[in-house]
Amino acid sequence: MNVKNLMAELERKHPGESEYLQAVQEVLESIEEVYNQHPEFEKAKIVERIVEPDRIFTFRVTWVDDKGEVQTNLGYRVQFNSAIGPYKGGLRFHKAVNPSMLKFLGFEQTFKNALTTLPMGGAKGGSDFDPVGKSDAEIMRFCQAFMTELWNNIGVDTDVPAGDVGVGGREIGFLNGMYQKLARKYHTGVLTGKGMTWGGSVLRPEATGFGALYFVQHMLDKAGKSIKGATVAISGFGNVAWGAATKATELGAKVIAISGPDGVIYNPNGMTDEKIAYMLELRASNRNIVAPFAERFPDATFTPGKKAWSVKCDIALPCAFQNELNGDDAKELIANGTWCCAEVSNMGCTPEAIHAFQSAGILFAPGKAVNAGGVATSGLEMTQNCMHISWSGKEVDEKLHYIMQSIHEACVKYGTQEDGTVNYVKGANIAGFMKVATAMLEQGII
Ligand code: 2IT
């Protein structure tokens, strides 16, 4: 394969799909060398097939708001790749959702899910519905209308959606209720991220953040560093940021920043149980602002319009949205002495930022390895649902630990460079690709 030619062809076919093209380019650049050592991949045109989703469902979602006005949004499900198992991946409700965003996320999900050691294909879906400022009743009506279109294309052995940005336990509840009503099927394993009384797994809400910190621990161990006493800047204040802040604090780090679209909270004394619990309250309010944190906790200060990356820290953890940390942010962090950045959001860093970190010798790991604990625990939720049992927190946590360690080992296996350091981007991309590509090859030209 030739990355330049392939990218030119994809840009021609999918003009303007910038997030999708960015995600594909990163993977192709990582795997080019290994791919070209496997003529059987080239012969089966694996790369040309793996970059395109199997299919995309697009649908209209019409609902009535609290004022009685009719609203129409667009809904999507991108079933990207099923070579290693049923489609699996989250739903994102955000005003900027479009096919490019969901294709990038579905593509990343395919390799991430391969890294988890579990048999799950890749998918993503969502809507341009904006949850900000919506009432619970509006969210319920929207979720019900969304599921009216989606239900026939998902199922326990075909496609298992979950949450993502804008979709948490509340939304999964409304979606699952409507699914059961429409499909008249009552298997608990059609969606993951469910409530604890109706098939949810303990630790699923925490799993993305916890898994990320377990991965960071392995990465730091390997580099002879420790998280104890390190200062950590986190972007966002949603479910993923909450899990990361909880585990980082538990491991002895000091979380000195969180952020929102409105600005950054500088929190020099670190987190307390009360502060961490308040993050959940802030998110559930649907106002999408972080400023009230500083009103509630006077030792913290709010600066409008600034990102978490303006705070001097040892470890930077993007936990919010794609491309939230750019080349200039990376330079500012490096100048301030940051020595590790782990993407907890999907594609949280721009290519310029990743390049800046790597050239400065800063420990960097990509989202598809770091944040895979979330979907891995969704996989564990599916297992429990299919076995009709519930594991204890200890059992789930042990399995999550094992999975994050396996992902780290896979990155080391495929990403170790001549000088002994690990290129985690390359390692994660090659490890994920090799598994999916082998599965595709062995199942013929389909
Ligand atoms: O990006 C992700 O891995 C998720 N949003 C979680 C997907 C899942 O199926 O739990």
Exercise for review: Select from segment 248-259 the residues that are on the phi < 0 side of the Ramachandran plot and surrounded by fewer than 20 Cβ atoms within 10 Å (Cβ to Cβ) and list them in ascending order.
Suggested key: T249, E250, L251, K254
Point to revise | Residue within segment 53-71 that is over 17 Å from W151 (Cβ atoms) and among the polar types (S, T, N, Q) present | key: yes
Practice item. Pick out the one residue from F111, F146, F142 that is closer than 19 Å to Y20 by Cβ and not in a strand (DSSP E or B). Key: F111
Review point. Can you tell me which of F302, F321 is modelled with pLDDT of 95 or more and in contact with a helix residue (DSSP H, G or I) (Cβ under 6 Å, 6 or more places away or on another chain)?
Key: F302
Review point. Quick check, is E9 among the charged types (D, E, K, R), out of contact with any Pro (no Cβ under 6 Å at 6 or more places or on another chain) and in contact (Cβ under 8 Å) with a residue 40 or more places away in the chain?
Key: no
Check your understanding: Would you pick out the residues in segment 80-90 that are within 16 Å of the ligand (Cβ to nearest atom) and in a loop (DSSP other than H, G, I, E, B)?
Key -> S82, I84, G85, P86
Practice item. Within segment 313-321, identify whether any single residue is surrounded by fewer than 23 Cβ atoms within 10 Å (Cβ to Cβ), under 14 Å from V264 (Cβ atoms) and touching a residue at least 12 places away in the same chain (Cβ under 8 Å), and answer yes or no. Key: no
Check your understanding: Restricting the search to segment 91-103, which residues are within 21 Å of P261 (Cβ to Cβ) and surrounded by fewer than 24 Cβ atoms within 10 Å (Cβ to Cβ)?
Key -> H94, K95, A96, N98, S100
**Study point:** Tally of residues being surrounded by fewer than 23 Cβ atoms within 10 Å (Cβ to Cβ) and either without any contact (Cβ under 8 Å) to a residue 12 or more places away in the chain or of a type in the set (D, E) (or both) across segment 333-358
**Key:** 2
**Study point:** Pairs, first farther than 12 Å from W339 by Cβ in segment 210-231, second basic (K, R), C-beta under 8 Å, six or more apart
**Key:** F210/K247; A212/K247; L213/K247; Y214/K247; G229/K254
Exercise for review: Out of A145, A137, report the one residue that is surrounded by 20 or more Cβ atoms within 10 Å (Cβ to Cβ) and at pLDDT 95 or above.
Suggested key: A145
Exercise for review: Looking at (1) away from the ligand (no atom under 11 Å from the Cβ); (2) closer than 25 Å to L280 by Cβ; (3) part of a helix (DSSP H, G or I), find the lone condition where N152 falls short.
Suggested key: (2)
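Each row is one residue, and each column tells you yes or no for (1) in a strand (DSSP E or B); (2) within 22 Å of the chain's Cα centre (by Cα).
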position	(1), (2)
G163	yes, yes
R170	no, yes
G173	no, yes
N176	no, yes
Q180	no, no
H187	no, no
L191	no, yes
T197	no, no
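Quick grid of which residues meet (1) in contact with a Lys or Arg (Cβ under 6 Å, 6 or more places away or on another chain); (2) surrounded by fewer than 19 Cβ atoms within 10 Å (Cβ to Cβ); (3) not polar (S, T, N, Q):
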site	(1), (2), (3)
I265	no, no, yes
L280	no, yes, yes
R287	no, yes, yes
V290	no, no, yes
A294	no, yes, yes
T303	no, yes, no
**Study point:** Filter pass, G126 being at pLDDT 95 or above, closer than 19 Å to H388 by Cα, small (G, A, S) and within 24 Å of the chain's Cα centre (by Cα)
**Key:** no
Revision key, fill the gap. Note on G85: of the conditions (1) surrounded by fewer than 16 Cβ atoms within 10 Å (Cβ to Cβ); (2) at positive phi, unmet is (1)
Check your understanding: If you check R60, R77, which single one turns out to be within 16 Å of the ligand (Cβ to nearest atom), in a strand (DSSP E or B), modelled with pLDDT of 95 or more and not β-branched (V, I, T)?
Key -> R77
Practice item. Say whether the condition of being within 30 Å of P39 (Cα to Cα) and not acidic (D, E) is met by at least one residue in segment 388-406. Key: yes
Point to revise | Condition met for T72 (β-branched (V, I, T), more than 24 Å from the chain's Cα centre (by Cα) and more than 16 Å from the ligand (Cβ to nearest atom)) | key: yes
Review point. So which residues in segment 199-229 are of a type in the set (S, T, N, Q), assigned to a helix (DSSP H, G or I) and away from the ligand (no atom under 16 Å from the Cβ)?
Key: Q217
Revision key, fill the gap. Picking from K45, K67, the residue that is at positive phi, surrounded by fewer than 16 Cβ atoms within 10 Å (Cβ to Cβ) and charged (D, E, K, R) would be K45
Practice item. Find the residue count for segment 91-138, including only residues that are touching a Leu at 6+ places or on another chain (Cβ under 6 Å) and either within 13 Å of the ligand (Cβ to nearest atom) or closer than 24 Å to K399 by Cβ (or both). Key: 3
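The values are calculated or read from the model by the stated rules, or taken from the named source; none is laboratory data. Computed from a predicted structure; not experimentally measured. Positions of Cβ are backbone-derived with ideal geometry, glycine not excepted, and every protein chain shown enters the neighbour counts.
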